[in-house]
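One structure is given here, and the rest of the page talks about it.
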Amino acid sequence: MTSVATLQPDPAPIVACTVSRDVQQFEILIDDMEAELGEAWGDLGFDDALVFLDQPDSAGLEFIAVAVDAEDEGDLTRIAAVVRAAREHGVKVILVANQVSPMALHQLMRLGAEDFVPYPLPEGALHDAIERIRQPEPEAPPARGGAALAEEDALPAPSFKARGDRQGVLMPVHGMAGGTGATTFAVNLAWELATVDPKDAPRVCLLDLNLQFGAVATYLDLPRKEAVFELLTDMGAQDSDSLLRSMQTFNEKLHVLTAPSDMLPLDIVSAEDMGRLLDMVMANFDFVLVDMPTTVVAWTEAVLSRAHVYFALLELDLRNAQNILRFVRALKAEALPHEKLRYVLNHAPRFTDLSAKSRAKRLAESLDIVIEVHLPDGGPQVTQANDHGLPLALTAAKNPLRKELQKLAKSLYDLNKAAESGRV
């Protein structure tokens, strides 16, 4: 006769756990875990998870789903300890976040979470995340430290010491729409300024503050240093020396702070921290160009208030016109210095194209602006120079766009020299 014990199926082994302050706050997560794993999952609090991960029973875990919301931000230390413990025991981490600030989210991701899904969970999001973490891991990159650290430290960096003895001219560059050539303008103008006077070259810095899609590193063929992330996420602990260590030098003349290697939330830097960064840069360089994101963020005001000239790149089309109207209206509503804007028309019409020149004039009149700089179309040579990671001056010195940028750099340099003489 079959015993009653043999009729009871063995409980399914636990292959995953949710970890949260209160899993009942994440009902959709409960439903999705049951749909994906049946009964082969459990639930733990943060303290219980730390204890369980140290026990032999945790050896069968594939992953934990750490669910956090805005109330958990005051307890990040304990949550971070759970993520670290999981990583130490070879358990993968999926982060489920509901209205968590970008700073807290990025901090947890940097500790080693493999994947992230927002809450409420989009349909199929948890399934896709589980599939991704079950994929074979690619070969791990070299660890920071040792040869990898030495390689980054060996990159060309500014050779001068930070003395804070300059009063740099801050010139942000802001594209009024995507693809207007703002980064090309910033990179090439920075290079022209750095080489404007071979005998008494100014000290020029280029900051790439497009923290998500910055292309300055690509256009100058520079690697992205891990130190940039450390600089931006802990500005309170930084000084001018650490700032210079985060930079690189292009051809021993142009000093560059690239965008970080990871895509960061644009508001990961506060307005106060951005002001501190700009103040340090301006105290150590003669000219500071900033490649801005097209998005207006909390720290845009910190840049605009310190700027001497704020270049607004536009093209001759309706989307640029509409965006200029929105941008100026927003600045006026916040009583910000919109008069610092200097409009630059990229792909400006040729002298003989009277119809396009008339449209440009009507555009400026309708927007009540003055277009002070007209940049000619540089043609395919511009794209080729960017793809090769070199300024136009080094690949197509006679390009009409390069010549116009060279003239602009010379006028800016001369104006600054005259201003310095006046101060003396």
Which numbered condition G389 misses (of (1) in contact (Cβ under 8 Å) with a residue 60 or more places away in the chain; (2) within 23 Å of Q322 (Cβ to Cβ); (3) surrounded by fewer than 18 Cβ atoms within 10 Å (Cβ to Cβ)): (2)
Can you find, within the range 85-116, the residue that is surrounded by the most Cβ atoms within 10 Å (Cβ to Cβ) among those that are touching a Lys or Arg at 6+ places or on another chain (Cβ under 7 Å) and not in a strand (DSSP E or B)? L111
So T183, is it at pLDDT 95 or above, out of contact with any His (no Cβ under 8 Å at 6 or more places or on another chain) and not hydrophobic (A, V, I, L, M, F, W, C): yes
Given (1) under 25 Å from T233 (Cβ atoms); (2) crowded, with 17+ Cβ neighbours inside 10 Å; (3) not small (G, A, S), L44 misses just (1)
Give S411, S358, S305 a once-over and let me know the one that is assigned by TED's automatic domain parsing to the domain that holds T183 and more than 24 Å from L206 (Cβ to Cβ). S358
I'd like the full set of residues that are over 15 Å from P265 (Cβ atoms), at pLDDT 85 or above and of a type outside the set (G, A, S), limited to the range 88-116. E88, H89, V91, K92, V93, I94, V96, N98
Collect the residues in the range 343-358 that are surrounded by fewer than 17 Cβ atoms within 10 Å (Cβ to Cβ) and modelled with pLDDT of 90 or more, keeping them in residue-number order. S358
In the range 349-363, is there at least one residue being closer than 15 Å to D317 by Cα and touching a strand residue (DSSP E or B) at 6+ places or on another chain (Cβ under 6 Å)? no
Any residue at all in the range 353-374 that's farther than 25 Å from Q322 by Cα and outside any helix (DSSP H, G or I)? no
For V309, are the conditions met, namely being buried (at least 22 other Cβ atoms within 10 Å of the Cβ) and closer than 22 Å to E339 by Cβ? no
Please indicate, with yes or no, whether at least one residue in the range 319-331 is in the same structural domain as G389 (by TED's automatic domain parsing), part of a loop (DSSP other than H, G, I, E, B), modelled with pLDDT under 95 and touching a helix residue (DSSP H, G or I) at 6+ places or on another chain (Cβ under 9 Å). no
Those residues of the range 290-318 which are in a strand (DSSP E or B) and either among the hydroxyl-bearing types (S, T, Y) or closer than 13 Å to V344 by Cβ (or both) amount to Y310, F311, A312, L313, L314
Pick from the range 183-221, criterion among the hydroxyl-bearing types (S, T, Y) and more than 17 Å from the chain's Cα centre (by Cα), ranking: farthest from I268 (Cα to Cα): T195
If L363 passes every condition in (1) buried (at least 16 other Cβ atoms within 10 Å of the Cβ); (2) over 14 Å from M176 (Cβ atoms) but one, which one does it miss? (2)
Could you say whether any residue in the range 221-228 is modelled with pLDDT under 95, surrounded by 19 or more Cβ atoms within 10 Å (Cβ to Cβ), in the same structural domain as Q322 (by TED's automatic domain parsing) and among the β-branched types (V, I, T)? yes
How many residues are closer than 19 Å to L289 by Cα, without any contact (Cβ under 8 Å) to a residue 60 or more places away in the chain and among the polar types (S, T, N, Q) when one looks only at the range 191-246? 1
For the range 52-66, check the following and say yes or no: at least one residue is loosely packed, with under 15 Cβ neighbours inside 10 Å, modelled with pLDDT under 85, of a type in the set (A, V, I, L, M) and not in a helix (DSSP H, G or I). no
Would you please name the residue that is farthest from V256 (Cα to Cα), looking only at residues in the range 379-411 that are touching a Gly at 6+ places or on another chain (Cβ under 9 Å) and small (G, A, S)? A396
Checking the conditions here, which among V290, V297 is under 23 Å from P260 (Cα atoms), in the same structural domain as A177 (by TED's automatic domain parsing) and modelled with pLDDT under 95? V297
Failed item in (1) within 26 Å of E88 (Cβ to Cβ); (2) assigned to a loop (DSSP other than H, G, I, E, B); (3) of a type in the set (A, V, I, L, M); (4) modelled with pLDDT of 75 or more, with V196 passing the rest: (1)
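The values are calculated or read from the model by the stated rules, or taken from the named source; none is laboratory data. This structure is a prediction, so every number in the text was calculated from the model and none was measured. For neighbour counting, all protein chains shown are included, and Cβ atoms are generated from backbone atoms with ideal geometry for every residue, glycine included.
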